[in-house]
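What follows is calculated from the coordinates using simple rules that are stated; it is not laboratory data. Remember, predicted model here, so these are calculated numbers, not experimental data. Glycine also receives a Cβ, built like all others from the backbone with ideal geometry; neighbour counts cover every protein chain displayed.
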Amino acid sequence: MKTQLSVTVALAGLLLTAGCSQESSPSATTATSTPTPAIDGSQFILNEEPSEAATVIEAREKSEDGEDVVLVGRIGGSVNPWIEGRAAFSIVDQSLKACSDIPGDECKIPWDYCCETQKLPTAMAFVKFVGDDGRPLKADARELLSLKELQTVVVRGKAKRDEAGNLTVLANGLFVRETSPSRTTDN
């Protein structure tokens, strides 16, 4: 009886160990054997600026869901305009002033547009670069597209509207405008 109990306990221990290792092994194996493939961001960079880009405000007012759009704006609109781990960010209409555009303003985070809080909600758009499957790319936009806060970008893609009237651009092209020297960040 003592031997049967010892064998039963040993088998139960083996089954528990096997069960635990089977549950953790696939995720560990998946994480190490099938890493996320690198995405070539150069496929989205446009060599020439698209003509007739709408402002963010114009695009918010006039673009229809599913329509091809081209719009221009500056990266910002919040303390962190980036979606971590995704090729997505927010842009703001150029008519709004970032704190760095205001002489004497010493704001440490000028891209949050804290001086424009009343106008900001109707002057922003969300940009996300998507793959052929329509899903956001799993890559940080800052690294994938060499972007930083307050850069002026021209974005090409399809408009996606939500019930509240917010505009998202499912982007397939990006042109970064050269800007004059101004206060920037080290991010």
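Among DSSP beta bridges lying fully in segment 51-174, give the percent that are antiparallel, nearest 5. Please list the in-between numbers first.
On the way: 23 of 29 bridges.
Given both bridge residues lie in segment 51-174, the antiparallel proportion sits at roughly 80 percent.
Just grab the label-to-label distance for ASP162 and GLN43, each label 7 Å out from Cα along the Cβ direction, in nm (one decimal).
2.7 nm
In nm, to one decimal, how far is the ASP65 label point from the LYS148 one, both placed 7 Å along Cα→Cβ?
Once both label points are built, they end up 3.9 nm from each other.
In segment 63-147, what GluC sites (Glu not before Pro) fall in a loop by DSSP, with at most 16 other Cβ atoms inside 10 Å?
Listed in order of number, the matching sites are GLU64, GLU67, GLU84, GLU106.
Rounding to the nearest 20 debye, state how big the charge dipole of segment 38-187 is about its Cα centre with +1 on each Lys and Arg Cβ and -1 on each Asp and Glu Cβ.
Charge dipole of segment 38-187: 200 debye, to the nearest 20.
Stretched out fully, how many nm does the piece from SER95 to LYS138 gain, at 0.36 nm a residue minus the Cα gap?
12.4 nm
Please give the length that would be gained between GLU52 and ILE102 if that part of the chain were fully extended, namely 0.36 nm times their separation in residues minus their C-alpha to C-alpha distance (nm, one decimal).
15.2 nm
Pairs LYS62/LYS148; LYS97/LYS138; LYS119/LYS148; LYS62/LYS108; LYS97/LYS128: which are spaced more than 25 Å apart, C-alpha to C-alpha?
LYS62/LYS148; LYS97/LYS138; LYS62/LYS108
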